[in-house]
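Notes to accompany the following structure.
Please treat every number below as a calculation from the coordinates, not as lab data. Treat the numbers as computed from the prediction; the structure is a model and nothing was measured. As a convention, Cβ positions derive from the backbone with ideal geometry for all residues, glycine included, and neighbour counts pool all protein chains shown.
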Amino acid sequence: MTTYAVAHLRTPTTNDDVIRYIERIQDTLDPYGGRFLVHGKQVEVIEGSWPGTIVIIAFPDSAAAHAWYASDAYQEILPLRTDHIEGSAIFVDGVGPDYDPRVTAAALRAG
């Protein structure tokens, strides 16, 4: 099942370190099958408030996502971003092609 790495970058900024991070990140993703779905786009807020932007990276599965984040290659470049941009990051598994929210609702009612 696809796992997504989602980062809410609340204070996006551009400087030499951040540019170096962007230049190098794809090489850290490739061995783990990671690919950007959203990167560097302006968000359109339709409810509440959302300072900053969002990044979404898809991985083939949770093991690949965790292995990428823990990799020496990614850990080497991570401070280039985290030293300059305040944010949060999470991993979340997607749902399968047959997912039906009504089944989830029924399980919640029964529980």
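Specify the inter-centroid distance of region 92-111 and region 27-78, based on alpha-carbon positions, in whole Å. Here the two parts' Cα centres lie 25 Å apart.
When the chymotrypsin sites (Phe, Trp or Tyr not before Pro) in region 3-111 are filtered for DSSP coil states and for at most 12 other beta-carbon atoms within 10 Å of their beta-carbon, the remaining sites are Y99. Counting charges near G34 (Lys, Arg +1; Asp, Glu -1) among other residues having Cβ under 12 Å from its Cβ returns a value of -2.
Per residue of the chain, the DSSP helices (runs of n ≥ 4 H) give a summed -39500 (n - 2.57) that works out to -12000 deg cm²/dmol at 222 nm. Add +1 for every Lys or Arg and -1 for every Asp or Glu among the other residues with Cβ under 13 Å from the Cβ of R81, and state the total. Summing Lys/Arg as +1 and Asp/Glu as -1 gives -3.
Its relative contact order, with pairs defined as Cα atoms under 8 Å and 6+ residues apart, puts the chain at 45 percent.
Anisotropy class assigned to the chain is oblate, per the alpha carbon gyration tensor with a/c at or over the 1.5 cut-off and a/b no larger than b/c.
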